[in-house]
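The values are calculated or read from the model by the stated rules, or taken from the named source; none is laboratory data. What you see is a predicted model; the values in this text were computed from it and never measured. Using ideal geometry, Cβ is built from the backbone for each residue, glycine included, and neighbour counts are taken over all protein chains shown. Accessible surface is based on the protein model in full, side chains and every heavy atom, while ligands, DNA and RNA are left aside. Shrake-Rupley method; radii C 1.70, N 1.55, O 1.52, S 1.80 Å.
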Amino acid sequence: MNTLVTIRDLRVAFDGVPALHGIDLDVGSGEALALVGESGCGKSVTWLAALGLLPSKAQVTGSVRLDGQEILHAPPARLDAIRGGRIAMIFQDPASSLNPVHRIGRQITEALRLHRGLTGEAAREEARRLLDRVGMPDARRRLQAYPHELSGGQNQRVMIAMALAGEPELLVADEPTTALDVTIQAQILDLLSEIRRDTGMALVLISHDLGVVAETCERVCVMYAGRIVEETAAQTLFAAPAHPYAAGLMAALPPMTGVRRRLAAIPGGVPEPWSMPRGCAFAPRCPLRGVACDAAVPPLATVAPGHRAACLRPQSQVAATGRLLVPA
Amino acid sequence: MSGVPLLQARELVRRYTMRRGLMGRPVEVRAVDGVTLALERGRTLGLVGESGCGKSTTGRLVLGLEVPDGGNVTFREGPMPPRQTAEWRRLRARMAMVYQDPLGALDRRLPIGTQIAEPLDIHGIGSRADRPERVAQLLRDVGLRPDHAQRYPHELSGGQRQRAVLARALATGPELLVCDEPISALDVSIQAQVMNLLAEVQERSGIALLFISHDLRAVRQMSHRVAVMYLGRIVEEGDPDAVLHSPAHPYSQALVSAIPQPGRGGRRIILQGDPPNPAARPSGCAFHPRCALAAALCSRAAPVLKPLPDGRLAACHVAHGTVSPRDGMPQQRAA
Amino acid sequence: MVRFLGLRLARALLTLVLVVTFAFIVLRLSGDPALLIMSADAPPEAIAAFRQAWGLDDPVWQQYLRYFTAIFRGDLGQSMRDGRPAIELVAERVPATLALTLPALAMKIGLGIPAGIYAALHRNSFADRAVMLLAVAGFTVPSFVLGLLLVLVFAVQLGWLPSGGQDSWRHAILPVLTLGIGGAAVLARFTRSAMLEVLGQPYMRTALAKGVPWHVAVRRHALPNAAIPTVTIVGFMVGSLLAGAVVVESVFSWPGVGRLLVVAVANRDLAVVQCILLLVATTMVSANLIVDLLYGALDPRLRAQAKGANG
Ligand SMILES: Nc1ncnc2c1ncn2[C@@H]1O[C@H](COP(=O)(O)OP(=O)(O)OP(=O)(O)O)[C@@H](O)[C@H]1O
Ligand SMILES: Nc1ncnc2c1ncn2[C@@H]1O[C@H](COP(=O)(O)OP(=O)(O)OP(=O)(O)O)[C@@H](O)[C@H]1O
Ligand SMILES: [Mg+2]
Ligand SMILES: [Mg+2]
């Protein structure tokens, strides 16, 4: 598997307050990678920064390479060709992510013209095919619809169709199902997996829901307070998380089987971005905290082949809560 | 458990008239369409279902915040007194509600201590002199420190805010607490804290909880019984493990199978179509256009909620064996 | 759509009726026209005759009814001062007023909207701050102060332009500037905030994420959305084409509708005042109607409502 996107030491600050503290991340072509973590840990900012979509008040440094070519701070014309053409992105709230005054057909054909040079009837036909592809009932007529005439799930399908218009090599889906109902969420996740199977497109799924991630992705990066703290195969994360935060997340998830007992909640809350601890950002909440944890930020180190964690005392296999693996 | 339930709601109906646009024709929406439920002291009833199925409306009805268009609510063995009477107000102090968005539920201009004391002032509970001590105790009860009383909502974390909201709800010592999606806006690591806290409070005070959520894991964790709602009606009700492990109603089955599970592979029922529109309720069983098992009868006759052999309640012709699955129904894909 | 239009029209008519009634009440309450027009030391018989001629002796409600039915027949009455039909008097003045307000409107739109868009696109830049500073100044300084200021500088100090009157196009420059600057400032501020709001919307991020170049995204995705609130303000400005120049016309002694209104009010010349009010109200109401229809054209969400009303 060759690497499609390489992110190195990506740092973002807003008005001097750092939001990302140096992200290193690789996305292989065709792979499904998940980015999980609490609200505000920097999942969205990572990809908005990589694609140059942050407002100008954000200071962004580091390196983002696509097929070895630097794209961070690239000239606008190059970025415009990459966005939607090679890397597409969809967002959390589908209803407000579509322009309310344009028909959805027009919003899809706009992407087709930009990236595939299709116009007129050919573009409309392709737009209809894409809507069909994402399972929109009555696609031809729906080209004429406005976003407010569609449901949330249908709007998210339009977003996906629009993202597919440029035949991207990577789709970044930023919490694509958070605003949707459980049953619709299942439809959309299914659709994303299916498209990936058919087209070989790589997928980065941003989510705070470990369960969603586990079913859709092969590899998971867990973020905490602007850093990646664990990176491993999805299976391994659920069986044997190494970072106490990841382990804590899993233990805090109510089980679907077995006796119900008090949940093992992670105490406390996330530190504020302007008063980050000097050492490990998770240390104040960590059951395994030691003196060394407060001295310096632990680097992301290999704990097993293909498994890295930013922790001085990574959890052993035994300590992990195995019960989550048992299907209901 | 004591025999007589603390709260009993029978055949509740609530209709709204909704206008589409400024001058559209009014359309009637049956938000709640015949809901019956009972809740004993010290117990939790979980209420799950898709967005718009009437969960919040049911919560408001049992609290007497809205008047039902049909059916009735009895609380502590008496009917709900008329709204805005002194008796209604006294009864209202025995019930409380916690909403989804902890920041929206708090006034951002007042310190939380003042807001926690507010219900005490309104209902004239305790003397003014005791107030600070009572507030401090409430804060300790929900796992905050007394000095948090001075803080403004934005100075607290999400979990702390929800604790403050809970402290305010508990201020009058209610016997019934309706929690409307109390954890949906919180992070996973905080959700567990709040669920633990609710369980602790219940254990300590014997409060009855109506726990509204669309998160089945959370509902299983919190509830003694679970009711699944679809389009204003309860379609299945029973012991959490019965309902969530071997759901009887096809809709519950789809809901349960939509819970993401690590390492399960494609055993998922994907419902076709969109969540239904309460303004245009399908005939017969409201679920039939999306149901893989629907038979001809399902589009004609609405099934009633009645016990299955194992004691749980379900409203489904197929589950009750009235018809066999897919009996003469063409495969339908809802548009 | 028909019902939508019908409702709008009915509302417009009701507004006109209310305006006319209000004018009648206020003017009747505030003094005796006979005394004002005839001057106080006129012989009582003359006053009585005047009263009778104009029907001022009848009960108020009769006067009101008479006046109202007359309006419906299209008869707006005669000036009590010189006996000519009020409508004629007013119509004479309209071109003069439009000669000021139309160029001023063009200036407001041509200057205010681009300045607002530019400021929003270059938020917090020097240009943005400069535009906003000017806008706040133009917005807060009352038009008579601005007018006098312009007269002081360009007429008195520099002597480039005349300070009043209506003899040539050069006389119009200062009043048009006075009107235009204030309006452009209002419009610039409004456009800027509408644009900023739209630029922060998620659909703008979507457009960029699908590879639409920035300037195209602004033109195709931001402007149509920002136009929706801006149309309201422009509509209001169009509506005040006739009435918006009262102060400025007085400052520059420009013989337009505004001046006529001031004089007529001072004289209790009922018919003329009513005629002007009716005219102004009609322009306002029609402008509003056009804005409503434009809304429908610009915003499909509202169009759906209008259609729903029909169906
Ligand atoms: N435009 C912005 N201006 C200022 N701060 C910002 C901006 N965008 C993001 N941030 C800050 O950057 C941090 C990371 O935000 P980000 O949106 O990446 O979080 P996230 O992990 O995507 O969270 P969520 O799950 O809530 O979407 C947060 O502290 C946020 O407040
Ligand atoms: N005040 C109201 N006026 C008109 N319609 C209403 C009102 N309140 C609720 N409804 C409608 O009644 C139905 C049920 O609403 P309710 O808020 O009870 O659903 P819910 O199950 O709580 O959904 P959610 O999970 O989205 O909170 C919805 O279709 C809603 O649009
Ligand atoms: Mg995000
Ligand atoms: Mg609700």
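Just a few scattered comments:
- Values of log10 I(q)/I(0), in the order q = 0.21, 0.23 Å⁻¹, for segment A:79-121 under a Debye, Cα-only, solvent-free model: -0.80, -0.92
- Note on segment A:222-309: with neighbouring protein chains present and a 1.4 Å probe, carbon and sulfur make up 61 percent of its accessible heavy-atom surface.
- Remark: the protein assembly as shown carries 43 Å² of accessible area per residue (probe radius 1.4 Å; ligands, DNA and RNA excluded).
- Average partner coverage of B:49-62, which counts Cβ from other chains inside 10 Å: 1
- Ranked by the mean number of other Cβ atoms within 10 Å per residue, highest first, peptides B:276-282, A:282-288, C:244-250 order as C:244-250, A:282-288, B:276-282.
- The residues packed around B:D101, meaning those with a beta-carbon under 11 Å from its beta-carbon, carry a net charge of -1 if Lys and Arg are +1 and Asp and Glu are -1.
- Of C:L134, C:L158, C:L56, the one that fluctuates the most in a GNM where chain C has Cα springs shorter than 10 Å: C:L158
- For the pair A and C, the buried accessible area comes to roughly 2100 Å² in total, with a 1.4 Å probe and the value rounded to the nearest 100.
- Prolate/oblate/rounded label for segment C:58-206 (Cα gyration tensor, a/c 1.5): oblate
- Each pair of Cα atoms in segment A:103-166 enters the Kirkwood radius, and Stokes-Einstein at 20 °C and 1.002 mPa s then converts it into a translational diffusion coefficient of 192 µm²/s.
- Inter-chain shielding of A:48-54 (mean C-beta neighbours from other protein chains, 10 Å cut-off): 2
- Global form of segment A:222-309, assessed from the alpha-carbon gyration tensor, a/c cut-off 1.5: oblate
- Entry note: chain C has Rg to Rh equal to 1.07, where both radii use alpha-carbon atoms and Rh is the Kirkwood radius.
- Annotation for segment A:159-174 versus segment B:214-253: alpha-carbon center distance of 36 Å.
- Mean separation of Cα contacts under 8 Å, 6 or more apart, over the residue count of chain C: relative contact order %: 29 percent
- Shape analysis of segment A:71-197 places it in the oblate category; the axes a ≥ b ≥ c from the Cα gyration tensor give an a/c of at least 1.5, with a/b not above b/c.
- Label reach from A:D67 (point 7 Å along Cα→C-beta): in segment C:206-243, no amide nitrogen lies under 13 Å.
- In straight-distance terms, cross-link reach from A:K43 covers every one of the lysines whose alpha-carbon lies under 29 Å from its own, apart from those fewer than eight places away in the same chain; here that gives A:K57, C:K210.
- Here the accessible area of chain B is 50 percent carbon and sulfur, with a 1.4 angstrom probe and all protein chains present.
- Pairwise burial C:B, computed as accessible area of each alone minus the pair, summed, 1.4 Å, Å²: 500 Å²
- Counting only protein heavy atoms and using a 1.4 Å probe, the accessible area of B:H154 comes to about 120 Å².
- Spin-label model distance (nm) - C:E197 vs A:E218, 7 Å beyond Cα toward Cβ: 4.8 nm
- Angle between chain C longest axis and helix C:257-266 axis [Cα atoms, degrees, rounded to 10]: 40 degrees
- Computed over segment A:204-254, Cα set: Rg, Dmax in Å: 9.9, 26
- Across all directions, the average projected area of the convex hull around the alpha carbons of segment B:109-172 is 3.8 nm².
- Under the simplified labelling scheme, the B:A296-B:T74 pair shows an inter-label distance of 4.3 nm, with each label point 7 Å from Cα along Cα→Cβ.
- Extreme residue, positive dipole direction of segment A:3-217, given options A:V12, A:V212, A:L170 (C-beta unit charges): A:L170
- Burial of 50 Å² or greater, segment A:215-262 residues [accessible area, probe 1.4 Å, versus chain by itself]: A:E215, A:P254, A:M256, A:R260, A:R262
- Comparing each chain alone with all protein chains together (probe 1.4 Å, DNA, RNA and ligands left out), the residues of segment A:180-211 losing at least 20 Å² of accessible area are A:D181, A:V182, A:T183, A:I184, A:A186, A:Q187, A:D190, A:H208, A:G211.
- Two-decimal Rg/Rh across the protein assembly as shown, once Rg and the Kirkwood Rh are taken from alpha-carbon atoms: 1.05
- Note on A:A58/B:D101: beta-carbon distance plugged into 1/(1 + (r/R0)^6) with R0 of 22 Å gives a FRET efficiency of 0.20.
- Listed peptides A:240-250, C:45-55, B:35-45 by packing density, highest first (mean Cβ within 10 Å): A:240-250, B:35-45, C:45-55
- Using the Cβ-Cβ distance between C:I173 and C:L7 with R0 set to 51 Å, the FRET efficiency from 1/(1 + (r/R0)^6) comes to roughly 0.70.
- Residues whose amide H lies under 5 Å from that of A:A32, counting only those 5 or more places away or on a different chain, are A:L203, A:E218, A:R219; hydrogens are built 1.01 Å from N in the peptide plane.
- Summed over both chains, the accessible area lost when B and A associate is about 3700 Å², using a 1.4 Å probe.
- For segment A:147-197, the fraction of 1.4 Å probe accessible surface lying on carbon and sulfur atoms is 38 percent.
- Rounded tilt (10° steps) of A:104-116 against the dominant C-alpha axis of chain A: 80 degrees
- Averaged over the residues of peptide B:191-197, the number of Cβ atoms from other protein chains lying within 10 Å of each residue's Cβ is 5.
- Threshold 30 Å², segment C:196-215 residues less accessible with all protein chains present than alone (1.4 Å probe): C:P202, C:Y203, C:R205, C:T206, C:L208, C:A209, C:K210, C:G211, C:P213
- Highest mean first, the peptides A:59-66, C:60-67 sorted by other C-beta atoms within 10 Å per residue fall in the order A:59-66, C:60-67.
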